[in-house]
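The structure appears right after this line, and notes come after that.
The values are calculated or read from the model by the stated rules, or taken from the named source; none is laboratory data. What you are looking at is a predicted structure, and each value in this text was computed from that prediction instead of being measured. Neighbour counts are summed over all protein chains in view; Cβ atoms, including those assigned to glycine, are modelled from backbone coordinates with ideal geometry. Just the protein is used for accessible areas: all its heavy atoms, side chains included, with ligands, DNA and RNA removed. Shrake-Rupley method; radii C 1.70, N 1.55, O 1.52, S 1.80 Å.
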Amino acid sequence: MVLLMDQILFSRVRAALTTQIFGRNLVVLPRTGSTNDVVKEMAGEGAPEGTVVVAEEQTAGRGRLGRRWLAPPSTCLLFSVLFRPNLPCPQIPRLTMLCSLAAADAIREVAGLEVGLKWPNDLIVASGSGWQKLAGVLTETGVVGERVAFAVVGVGINVNVSLETLPALAPDATSILAETGREVDRATLLATILAGVEARYEGLRAGESPHAEWAARLTTLGQRVTAMTSGGPVTGMAEGVDEDGTLLLRTPDGALHRLLAGDVTLCAC
Ligand code: BTN
C-alpha cells in the first residue's frame, strides 16, 4: 500500500509543479530514516539546487534540539529541499524564514487555514488563548571552511492526520484535517509550497530579505514568554527578532537577551 502511494504522490506532484528549479529533481520514497539525511547525502554527491526528497514515512524523523518528529505514514507532508545559497552562515536562517512563509501561504491558499509562525521555526494555529503546532522546519547546513556548501531545509506538516491520531504525535499537535474537517491533496499543497519557495528565493538572491514579513507573522512578539535556553529558562518580553532570526528578550531587570536557538512558551506571568 505504502509502496504504491509513493508512486502516486510522485506523479501527482510532478503534474502539479509550476516551478523551474524547485522540485524538478524530485525523489519520493515510500520509507526512509530522515529526508534531511537523504538530501544531505545527495548534496555531497553533487545534486542540484532545488532537489526535493519526500517520504511517505520516516523511521528516524527528527526535529530541532534532538527531538523526534513523529508522523503517521501517508498522511503528512515530510520533505526536504536542497539549497546552494551564496550566503554567510549567520544569514542561513533566512532560508528557514522563507520556507516557513511559503508553507504558511500555501496552507492558506490550498486549505483556507490561517497559520501563524512561532519563533524560531513552528507553524501554529491559534486555539483559545494558546496555540497548537501544525508544522515544523529543520534547517541543517554543510559547511566547508568558512563557506556554506549547501543547506537542507526539512519541513514536516501534519496534513490529513485524524483527531484521534494526533495525541500520539505530540500533546500540542494539530493537523489541517483536524482544523478544517477536510482532507487536502498533499501533491497540490507541496507544489504550491515549492512555487512560493522558488519565488521567495529569487527575491532573496536579488537582495531582498524575508525578515520583515517573517517578523510580522510571528505570534510570539510583543508577548511575555519563557524561553528554554541551554542555560535554563529565561522569562521576559519578546521585543523583536533581528535580521538573522535572533530573538530579543527583555527581562524584568532591563537586560536584553539575544537568543539564537531554543523554544518559547507563552506564560501567564
Ligand atoms: C521541529 O519542529 O523541530 C522541526 C521538525 C522538522 C521535521 C521535518 S520532516 C522532514 C524532515 N526530515 C526530518 O527528519 N525532519 C524534517
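Can you give the relative contact order of region 4-216 as a percent, counting alpha carbon pairs under 8 Å and 6+ residues apart? Across region 4-216, relative contact order equals 23 percent. Given their separation in residues at 0.36 nm each and the Cα-Cα distance between them, Val143 and Asn25 gain 40.2 nm when the chain is fully extended.
Among 96-103, 15-22, the peptide with the highest mean count of other Cβ atoms within 10 Å heads the list, and the full ranking is 96-103, 15-22. Relative to the longest principal axis of the Cα atoms of the chain, the long axis of helix 2-16 lies at roughly 80 degrees. Highest average first, the peptides 189-195, 231-237, 73-79 ordered by how many other beta carbon atoms sit within 10 Å of their residues are 189-195, 73-79, 231-237. Using only the alpha-carbon atoms, how far is helix 186-205 inclined from the longest principal axis of the chain? Give it as 0 to 90 degrees, nearest 10. Its long axis makes an angle of about 60 degrees. Stretching the chain fully between Arg182 and Ala199 yields a gain of 3.3 nm (0.36 nm per residue, less the alpha carbon separation). Mean sequence separation of contacting Cα pairs (under 8 Å, at least six apart), scaled by the length of region 146-269, corresponds to a relative contact order of 14 percent. Under a Cβ-Cβ cut-off of 14 Å, what is the net charge of the residues other than Ser34 that fall near it, where Lys and Arg count +1 and Asp and Glu count -1? Local charge sum for Ser34: +1.
Normalised by the number of residues in region 224-266, the average gap of Cα pairs under 8 Å and 6 or more apart makes the relative contact order 39 percent. For the chain, the carbon plus sulfur part of the accessible surface works out to 54%, probe radius 1.4 Å. Computing FRET efficiency as 1/(1 + (r/R0)^6) for Ala126 and Arg67, where r is the C-beta to C-beta distance and R0 is 25 Å, gives about 0.65.
Centroid-to-centroid, using Cα positions, region 120-162 and region 196-213 are 17 Å apart. Sites count as exposed loop sites when they are trypsin sites (Lys or Arg not before Pro), lie in a DSSP loop, and have at most 13 other Cβ atoms within 10 angstrom; the longest stretch of the chain without one is 68-181.
Take region 224-266 with all the other protein chains still there, run a 1.4 Å probe, and you get 50 Å² of accessible area per residue. For a paramagnetic label modelled on Glu49 (point 7 Å from Cα along Cα→Cβ), amide N atoms under 17 Å away belong, within region 70-103, to 81-99. Placing a label point 7 Å from the Cα of Phe10 along the Cα-to-Cβ direction, the residues of region 22-47 whose backbone N falls under 15 Å of that point are 24-32. In terms of its C-alpha gyration tensor, the chain comes out oblate, because a/c is 1.5 or above while a/b does not outweigh b/c.
Estimated purely from DSSP H runs of n ≥ 4, each contributing -39500 (n - 2.57), the mean residue ellipticity at 222 nm for the chain is -9000 deg cm²/dmol once divided by its residues.
Out of the DSSP beta bridges found with both residues in the chain, what percent are antiparallel (nearest 5)?
90 percent
Counting only alpha carbon atoms, the long axis of helix 93-111 and the longest principal axis of the chain meet at about 60°. Were the residues from Glu109 through Arg224 laid out at 0.36 nm apart, the gain over their Cα-Cα distance would be 38.3 nm.
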